[in-house]
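The values are calculated or read from the model by the stated rules, or taken from the named source; none is laboratory data. Everything numeric here is computed off the predicted structure, so don't read it as measured data. Every residue, glycine as well, gets a Cβ built from its backbone with ideal geometry; the counts of neighbours run over all protein chains shown.
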């Protein structure tokens, strides 16, 4: 099958180290492992292709910087249209698009040319833009989003919360919901992430780890607070924080200004290359996903699937998709979001019991191997889509 992969969002550089970028790479990789051919039409490449993706044909469409928000919004809409118009639709059996805020023409043209299409929706982007950035032309973004949802043959939401958002949005705007909507959570490369990977930066000390972008809702500050209390009883432990983001300087300053001796036991690695991530995870004894309380939690966290594939015991906030992915006491431990006492209690349980760590880690690995490999994900995505040569 010949696939056109489309990403009109310059905030998703497809060959970067960001979580969204890794998601793009893994979906493309899963197509290639099926024997499909993939061409990419993207707004930003963001680096060199990994060796196993280097044979993919990539067309990048750059947008010049704009002087104002309104000019930028118009330029992004124009860019999305340019990308769509550049795709020779009849050459492809499937158009697979990562939903972006200003893009509807790809789905419209695929439908017009009778080409099978999938729209992957990872987040309620309009709400995100209104809450965390700036959005002037809300009316246009809502019209464009509705067009994209209505013209897609199949819509794949990464979580039930995202699917609910799509239903509410379409119901409010058109009175009907897309027929081809389904939920397919994120996945992991279970061959690359596994318990036998060689260790980078290993230590005999008990090591607690976090991976992710350093943003407020990820709750890293609460993990740092819990770790400071943890080291009062277990002073030879370490906390390893992997990732970068807007909170990095604030978090580092918090640690450096702390009176706790734990500050000397905390390491910020910054962002690491994707091919090095399994080796960093191998240096951990426990991995944490300390999301704060968020009524609109819609994420399908890649890092948690990677933790589990490496056979790590996971401590995670009891919220959103994590509440169903993690079976408390069976393949991980859950705690009330933001509750530092409960987080600390979970960490103490794990440091005190090698048997519990091994039990949870083995069950976590089994969960993702059986249900959440990227190939499993893509098979579910393609299940309801009829492609000419599939």
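Residue 303 meets the conditions (1) part of a helix (DSSP H, G or I); (2) touching a residue at least 12 places away in the same chain (Cβ under 8 Å); (3) surrounded by fewer than 24 Cβ atoms within 10 Å (Cβ to Cβ) in every case but one. The failed one is (3). Elements of the type helices (runs of 4 or more DSSP H) sitting completely within the range 13-116 and holding at least 3 residues that are at pLDDT below 95 and crowded, with 16+ Cβ neighbours inside 10 Å: these cover 19-33, 69-86. Of the residues that make up the range 166-173, is at least one under 19 Å from the mean Cα position of the chain (by Cα), without any contact (Cβ under 8 Å) to a residue 40 or more places away in the chain and crowded, with 16+ Cβ neighbours inside 10 Å? The answer is no; no qualifying residue exists.
How about the range 174-188: which of its residues are touching a residue at least 60 places away in the same chain (Cβ under 8 Å) and touching a helix residue (DSSP H, G or I) at 6+ places or on another chain (Cβ under 6 Å)?
Filtering the range 174-188 for residues touching a residue at least 60 places away in the same chain (Cβ under 8 Å) gives 180, 182, 184-188.
Within the range 174-188, 184, 186, 187, 188 meet the criteria.
Checking each residue in the range 330-379 for being out of contact with any helix residue (DSSP H, G or I) (no Cβ under 8 Å at 6 or more places or on another chain), under 23 Å from residue 206 (Cα atoms) and not in a helix (DSSP H, G or I) picks out 339, 353. Among the candidates 290, 235, 301, the residue that is out of contact with any strand residue (DSSP E or B) (no Cβ under 7 Å at 6 or more places or on another chain) and closer than 22 Å to residue 346 by Cβ is uniquely 235.
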